[in-house]
1. Explain nothing, just the number: dipole magnitude of region 161-275 about its Cα centre with +1 on each Lys and Arg Cβ and -1 on each Asp and Glu Cβ, in debye rounded to the nearest 20.
2. What's the magnitude of the charge dipole for the chain around its Cα centre, counting Lys and Arg as +1 and Asp and Glu as -1 at the beta-carbon? Answer in Debye, nearest 20.
3. Kirkwood-based Rg over Rh for region 95-230 (C-alpha set), two decimals?
4. What is the spin-label model distance, in nm, from V136 to F355 if the labels are put 7 Å beyond Cα along the C-beta direction?
5. What figure, in Å² to the nearest 10, do you get for the accessible area of R323 with a 1.4 Å probe and non-protein molecules left out?
6. Let me know the charge dipole size of region 213-256 about its Cα centre in debye, to the nearest 20, where only the beta-carbon of Lys, Arg (+1) and Asp, Glu (-1) is charged.
7. Take each of the peptides 288-294, 160-166, 326-332, 41-47, average the number of other beta-carbon atoms within 10 Å over its residues, and list them starting from the highest.
8. Per DSSP helix of 4 or more residues, -39500 (n - 2.57); summed, then divided by the residues of the chain. What does that give at 222 nm, rounded to the nearest 500?
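The values are calculated or read from the model by the stated rules, or taken from the named source; none is laboratory data. Remember, predicted model here, so these are calculated numbers, not experimental data. FYI the Cβ positions are ideal-geometry reconstructions off the backbone, even for glycines, and counts take in every protein chain you see. Heavy atoms of the whole protein, side chains included, go into the accessibility calculation; ligands, DNA and RNA do not. Shrake-Rupley method; radii C 1.70, N 1.55, O 1.52, S 1.80 Å.
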Amino acid sequence: MMAKFEISLIRKNIRRLSPYIAGKPIEETKREFGLKEVIKLASNENPLGASPKAVAAIKKAAGGVNRYPDSSSFYLKRKLASVFKLEPENFVLGNGSDELIDVVIKTFVSEGESILTSEQTFLEYRIIAKVNNRKVITAALKDFKFDLAEMKKKITSRTKLVFIANPNNPTGTYVSKPELERFLKGLPENLIVVLDEAYDTFIDVKDYPRGVDYIKKENLIVLQTFSKAYGLSGLRLGTAICDKKLAAFMEKTRQPFNVNLLAQAGALAALDDKQFLKNTRKVTLQGKALLYRAFREMGLSYVPSVANFILVDVGKDCREVFRELLKLGVIVRDMKQYGLDNFVRVTIGTPRENFKFIKALKTVLFKKR
C-alpha cells in the first residue's frame, strides 16, 4: 500500500520556500517553439565557451572518472595560492559558489542568529538561509546598488553574516573601496562579511575593492567562481578565500569529494590560460558598449554595469517580453522574481549574439508601432 502523503512530513520553513528559478535551457526552447537556432543570454555564462587548455585537460582526465577525486583538491589549492599569493590553507573549494554559501551558513550561523543582505541581490543567499531555517534581514538598494550605510544600521547583536555581492547580481553595480572600508570599520568582532566576487574579472573601474586585500585583517570571506569568466559553469566549481582559522572550520562542514575530478583538472588548466581571460574580457567590454548604444537608440533606460550582463528597463511586463523573445530564439532573464517587473537582464554575448538580441528586442518592443 502506498504511504499517504501528509504536509506535516515537510519542515515548515521548506513549505514556505520559493525555489530558485534557473535560466531556460536552449534545448527546451528549441523543442517548445520549433526553432533550429537559439541563443542563451540569460545565465551570465561565457559566450566563448571554455579555455581550449581546460577542455583538453578535462578530456585527458576523463579516463579516470571511475576513481574518486582528491577530496582535498591539493594541486588546485596550491595553484590558487600561487595566483593570489596566499597559502593553500586559505582556500575552501565547493560545488559552485552555491554550495559554499550553504557551507558558510551551516558553519557560522547558529539558531537565533541572523543574516543580512540586500533586497535585490543573488537569490541564493536568502533561499539557502531559509533552507537552513535562519532568519534573513534585508536592506533596500539605493540607485540599484548595495546601500552599505543603511545595512550597517540594521546590524544587531544577532547578526552573524553579511552577504555583499560585488558586483551585484542582477544589477551589475558595485560598492567602491571607500564605501566598503567605511562599512568594515567598527563592525562587531563576531560578525563575518562575505564578499561574493563572481564577476570580478570584468571590472573596468579603478575604485573597486579586491576582497583578498582584506582577509588578513578582517573577518571576511571572499567567494569567487570558475563559472563565469573561466567558462566552466557545467562543472560547478567555486572558491572561498579567507583566514586559515575560518577555512579550517568550513572544511569540517563541506561534503567530502564535493569538487569532482574533471572540475579540478579543468580549473588547473584554466588558471594557466591568461590569453583566454583577456579575450573574454575584450569581448565583454566591447559588447557592453554596443548594447549601451543600442539601448540609448531605443530610448531604454539601463543600469551601468561592471559585470558581464546588463539590467535594462523594457518599459512593460518583463515576462511578456521574455516570452516574445523566446519565440524569436533569444533567451534572456526576466526579473519578476526579483521584484523588478519591467526589467530583463541580458548577458553580454558574442558580436553575432548581441546583434541578434538587439534585432529581436526591437521587434518585440516596437512591432505594434
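1. 240
2. Value, rounded to 20: 620 debye.
3. 0.92
4. My value for the distance between the label points is 4.1 nm.
5. Looks like 120 Å² after rounding.
6. 100
7. Packing proxy ranking, top to bottom: 160-166, 41-47, 326-332, 288-294.
8. Estimated from H runs of four or more residues: -11500 deg cm²/dmol.
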